[in-house]
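Data block below; observations after.
The values are calculated or read from the model by the stated rules, or taken from the named source; none is laboratory data. Not measured: the values here are computed from a predicted model. These accessible areas exclude ligands, DNA and RNA; they are computed on the full protein's heavy atoms, side chains included. Shrake-Rupley method; radii C 1.70, N 1.55, O 1.52, S 1.80 Å.
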Amino acid sequence: MKNVRWSFTLAALLLFCSSAAFARESGAYLAFGLGHSEAKIGGINYTSVGAGIMLGAQVNKNLALEIEYADFGEMVAVGVTVNANSQGLSGLLMLPLTQHTSVYLKAGVARMNSLLSGTGLTGWNTALSILPYGLGVQYELSPKTTIRIFADEGYGYQVTGTTTTVGATNVSYSGGISRVGLATLYTF
């Protein structure tokens, strides 16, 4: 995870040092993202590659709204698998740095779907409302295409179920999923 954070910091600095296009005032966009997902359960890190799709509207140069579906991937560790996805609505507070580069803060609401399985354990949860938040940097390559580097936290999950290893004992896990990655936005 340290390498991912270091790479994110380096990429953000490169984007800050560059200048270019124009700050988009308004318009709709479609985005595709890919990134590193991580969950911590009982002190063990579960990691995977996740993907997402977003439909957004740039209200003005300082505010955007997004609807997002994120699949955090299949996170596996010590024989246990965590599958999670979310559907959310977020607001982005944008701060243009140059004509082509902006930073943003993100906050929203989301619904999580989680499944935990492996080594005689089965658990699931749906519709846990949570409050994800994040930050990012975006750079406009052209009037139609933007690249975004992001880091999101707060995708909370809770999984309840049973384990057959200790006579159908009930189990409950909760925590948060974080992710860092890249997204490409296409204006239409």
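With protein chains left intact and a 1.4 Å probe, residues in region 23-116 average 44 Å² of accessible area per residue. For H100, the residues 5 or more places off, or on other chains, whose built amide H falls under 5 Å of its own are A20, A21.
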